[in-house]
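Take a look at the structure below.
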Amino acid sequence: MDDCISSDEDYYDSDRDSLHGLENEDSEIQRVPKTPSTKVITKESLLAAQKEDMRRVMDLLSLREYHARTLLIHYRWDVEKLFAVLVEKGKNHLFATAGVTMIENRSNTSSEASSMVMCDICMEEVHGNDATRVDCGHCFCNNCWTEHFIVKINEGQSRRIRCMAHKCNAICDEAVVRTLVSKRHPDLANKFDRFLLESYIEDNKRVKWCPSTPHCGNAIRVEDDEFCEVECSCGLQFCFSCLSEAHSPCSCLMWELWIKKCRDESETVNWITVHTKPCPKCHKPVEKNGGCNLVSCICGQAFCWLCGGATGREHTWSSISGHSCGRYKEESEQKAERAKRDLYRYMHYHNRYKAHTDSFKLESKLKESIQEKISISEERESMLRDFSWVNNGLSRLFRSRRVLSYSYPFAFYMFGDELFKDEMTEAEREIKQHLFEDQQQQLEANVEKLSKFLEEPFDQYTKDKVMEIRMQVINLSVITDTLCKKMYDCIENDLLGSLELGIHNIAPYKSKGIEKALELSACWNSKANTSDKYPPSDCGTSGGLSECERLTSLNSEENGCSSRKRARAEVVAGNFFDLNLPAEVVDRN
């Protein structure tokens, strides 16, 4: 999906320095595309993704699998950070902080099995076969271990279950946990395995669940910048940082505040503006429910409906007592004007945000009509057989319209007092606002021109007229793309880049649209798992299944490399129109 065009075609690359480059678009598309930096992790490929990171740690440190997993969970699956700690502070510090114990206490295992062992938890002597010694050397009876494991799993601490011994930070072997728990609660053992597997997503800052509703079951992994916008294989486009809809050039905080403000105010602001006036005393909106122009607020203040000025309560056919319509009171007038100015300022940005949202909704219906026009034009005897410029122009229109729409919430907070009141002087604010609004105005003008030309009935025009429209669409596509880049550059460098607070990061602009993540292969190279290279793991098998097979069975009923396509999420939250939805979903909503 390309913003709202649902197709498998290549993205339209408008990074051209000349019209000639655009006309040779077909040859440009033949270039080998850059591998996407985002991956879709399905239920089937989750194990392979986890094994991939564990293999790197196992290869470097010659560890068992569960030791590698313990290290990675502690460092939140950040392999680079793990390697950095290893280089800076050494292996002993790396293992100690993660609770990994490499000392093997297996020399007296045979003698323990045939003797009695005192459990320091329940203070009872048990046969050696009914006790378990873990890597840190502590030995307790199996009943105490089992109860300890069950409590920790139910408390949600499955990923890092520590030894029961006092002040021992060693992490228990997951195979011991699985073996003991499965004897009493097989379902809880499966839950434990599932928690270990899903820790790759829950504890990994580079991996997050897709926020689709209903949930598609996929997760997204980013390789580079976490401040990016991605598209899941289910079709949902979202901000990876905050998991809300894709909203650049708004920062995540700006978009969160805008959504809350719109939910609180947008539904009532129009009605309040038309049917009420603010009380001159308490500034609350007052509705006039009678014919008389003497209005009384619930606070007790009487005022004139015509001018909003405070008055007395007595009135005649010709006058109202104490009416001071022509008298200016600075303090009260300033408060009323401030409240009115704030309301009008919000309405200004909200109305324009909504206007571009509505335009996007109407323009999204162009796809079907344009395809009909293209079919009619191709059937006619004409030398113009290639109408890809129409679809390319439509794609550019959708992307530019989306940028325009979200630029208004950005401007509302960038140049208001809510976030950056102390960051800029009034003079600096005015200069930056004029700079941004000039670029916004240029983009708006060219987007409207592009929309106008795409709505032309070119299937009814002559060849010369079609060629003229073609040139205009191609030129405007390049212009709008360039203006979008300049606007993002202005925001990142001139506006947000000059601020002291570094909490407002935005996803970068991409001419080809939001990147679609590729599905990660569910196949893991088992040949790389050379068992003779590492010490044999004590985890063994359960029920005739290897650990890989058991964990895979928890994820999916189907094993193998193929993955199922999932239904596209089609939920539009609240009263917002999701600019990232395809046209088919827009029509249904």
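The values are calculated or read from the model by the stated rules, or taken from the named source; none is laboratory data. The model shown is predicted, which means the values in this text are computed figures rather than measured ones. Because the Cβ atoms are built from the backbone with ideal geometry, glycine has one as well, and the counts that use them run over all protein chains shown. Just the protein is used for accessible areas: all its heavy atoms, side chains included, with ligands, DNA and RNA removed. Shrake-Rupley method; radii C 1.70, N 1.55, O 1.52, S 1.80 Å.
The table for this structure:
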item	result
Sequence of V40, V478 when ordered by accessible area, the most exposed leading, probe 1.4 angstrom	V478, V40
Cα-Cα over 23 Å, subset of K208/K485; K39/K361; K367/K512; K208/K516	K208/K485; K39/K361
Ranked by how many other beta carbons lie within 10 Å on average, peptides 196-202, 419-425 from highest	196-202, 419-425
Distance between modelled label sites at A445 and Y461, nm, 7 Å Cα→Cβ extension	2.1 nm
Label point at R194 placed 7 Å out along Cα→Cβ; residues across the range 143-179 whose backbone nitrogen lies under 18 Å	150-160, 178-179
Probe 1.4 Å, all protein chains present, accessible-area order of S158, S244, largest first	S244, S158
Set of lysines with alpha-carbon distance to K340 below 25 Å, sequence-local pairs under 8 removed	K260, K261, K277, K281, K284, K288, K329, K354, K421, K432
Point-charge dipole on Cβ atoms (K/R +1, D/E -1) for the range 394-503, about Cα centre, debye to 20	760 debye
